[in-house]
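Worksheet: one structure, shown below.
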Number of protein chains: 2
Amino acid sequence: MNRHVHLSEKDAEILFWKGVKLTPDRPLSQPGQFIAKESVDLQGPEWRLDKVNIFGPWRKQTQVEILAMDASTLGIDAPINVSGNFKHSAGVSIIGPQGTLELTEGVIVAKRHLHITVAEAEAIGLSDGESIKIKAWTTERGLIFDNVVVRVRDTAVLDFHIDVEEANSAWLEKGAWGEII
Amino acid sequence: MNRHVHLSEKDAEILFWKGVKLTPDRPLSQPGQFIAKESVDLQGPEWRLDKVNIFGPWRKQTQVEILAMDASTLGIDAPINVSGNFKHSAGVSIIGPQGTLELTEGVIVAKRHLHITVAEAEAIGLSDGESIKIKAWTTERGLIFDNVVVRVRDTAVLDFHIDVEEANSAWLEKGAWGEII
């Protein structure tokens with residue numbers, strides 16, 4: 001995952017216009033989720049990041065997921081949180097083509113996680129919220145990822161979600177394999 | 001470690017001027033090594049990175065150490081290599097205040113390594129060139145780094161060298177601790 005923004009419909013109407021719809025560009029691994037053609041900029045006290053992807057569909061609450069490096073570039077103090085957990089989360093200005101939104105919370109560095117279905121989780125004895133280790137199958141930059149949160153959903157597609165910095169640290173490309181240990 | 005360049009004196013004279021000396025700004029962990037006040041730009045087929053640090057003193061051969069993310073930004077194909085190994089290494093244009101150097105090899109993504117003295121290595125049974133695992137002491141983003149190369153030198157100061165992306169992936173700050181496993 002690279003940096004991206006999830007928007008509530010209400011916030012999107014501030015950034016774009018009333019009745020705005022997201023235009024799907026590419027699908028994401030989880031069913032129904034997509035990268036939109038629309039984008040926004042993020043402005044922190046120290047820097048601005050241009051053309052940050054929006055992931056659709058709308059969420060109940062706006063959430064910004066950035067890289068650890070982005071937090072330092074923007075000059076904000078974002079914690080490692082699971083999606084939806086805004087405890088100690090940072091703020092940022094989101095700039096759209098028609099308006100600016102002063103977000104006071106909801107900026108996080110996403111905690112690495114494994115998407116898995118109920119049946120798959122049962123088959124290998126994992127439960128929702130559990131913390132596991134995943135060993136990346138790579139020769140150049142071997143890594144064992146500890147503290148991987150298991151997210152069990154009926155609608156899930158089995159997928160291990162890490163961000164660009166974590167993938168680079170294991171020298172992994174999209175579609176690489178790993179092992180639950 | 002962030003991205004940086006080691007220059008030969010001959011190459012530095014192309015980029016700067018005849019008789020140029022590096023001005024130490026901050027010392028590095030290994031004795032005698034420093035970050036210089038001078039900097040250069042790197043130009044690849046797709047992008048330019050401005051103000052890249054030079055590490056002194058001079059090296060016999062010019063070497064550029066970048067992040068995996070930089071390789072993709074610049075549009076070059078740099079391998080994970082130990083310092084000094086130019087096998088399959090990439091090229092880049094180095095731009096100084098007075099001249100440009102077309103480097104045809106020597107651009108790598110540095111392989112993570114542990115600097116250790118002869119006495120320390122003997123005490124814990126490690127040998128030069130050996131590959132070990134290091135577990136980062138971190139709670140947020142636990143990582144076990146596999147494929148860490150041991151570099152035994154009499155003049156070493158014990159230090160585990162990883163780059164910014166690897167440090168971010170473990171949510172580590174400079175001076176954090178780990179454990180050899």
*Any chance A:R48 is open to solvent by 80 Å² or more (accessible area, probe 1.4 Å), farther than 25 Å from A:H161 by Cα and touching a strand residue (DSSP E or B) at 6+ places or on another chain (Cβ under 8 Å)*: yes
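Out of the range A:103-125, which residues are touching a residue at least 40 places away in the same chain (Cβ under 8 Å) and not β-branched (V, I, T)?
We begin by selecting, within the range A:103-125, every residue touching a residue at least 40 places away in the same chain (Cβ under 8 Å); these are A:103, A:106-110, A:112-117, A:124.
Listed by number, the residues that qualify are A:L103, A:G106, A:A110, A:R112, A:H113, A:L114, A:H115.
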_Anything in the range B:33-56 that is within 15 Å of the chain's Cα centre (by Cα) and not in a strand (DSSP E or B)? List them, or say none._
B:Q33
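Every residue, every condition in (1) within 14 Å of chain A (Cβ to nearest Cβ); (2) over 18 Å from B:V64 (Cβ atoms), yes or no:
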site	(1), (2)
B:G106	no, no
B:K111	yes, no
B:A121	no, yes
B:V150	no, yes
B:V164	yes, no
*strands (runs of 3 or more DSSP E) wholly in the range B:74-154 with at least 2 residues that are more than 30 Å from A:H113 (Cα to Cα) and open to solvent by 60 Å² or more (accessible area, probe 1.4 Å) - which ones?*
B:100-110
*Under 7 Å by Cβ, and 6 or more places apart or on different chains, what pairs join a residue from the range A:45-68 that is more than 17 Å from A:N2 (Cβ to Cβ) with one that is part of a strand (DSSP E or B) and not acidic (D, E)?*
A:R59/A:H6; A:Q61/A:G106; A:T62/A:H6; A:T62/A:L103; A:T62/A:G106
_Selection count where residues are in contact with a Ser or Thr (Cβ under 8 Å, 6 or more places away or on another chain) and charged (D, E, K, R), scope the range B:51-84_ = 4
*Specify the residue that is most open to solvent (accessible area, probe 1.4 Å); the eligible residues are those in the range B:155-181 that are of a type in the set (A, V, I, L, M) and within 14 Å of B:L28 (Cα to Cα).*
B:L158
*Residue pairs meeting the criteria (Cβ under 8 Å; at least 6 apart or on separate chains; first facing chain A (nearest Cβ under 8 Å) and aliphatic (A, V, I, L, M), in the range B:127-146; second outside any strand (DSSP E or B) and open to solvent by less than 10 Å² (accessible area, probe 1.4 Å))*: B:L143/A:S169; B:L143/B:S169; B:L143/B:A170
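The values are calculated or read from the model by the stated rules, or taken from the named source; none is laboratory data. Computed from a predicted model, the values in this text were never measured in an experiment. When we count neighbours, we look across all protein chains shown, and the Cβ atoms used for this are built from the backbone with ideal geometry, even at glycine. All accessible areas refer to the heavy atoms of the entire protein, side chains included, with ligands and DNA or RNA removed. Shrake-Rupley method; radii C 1.70, N 1.55, O 1.52, S 1.80 Å.
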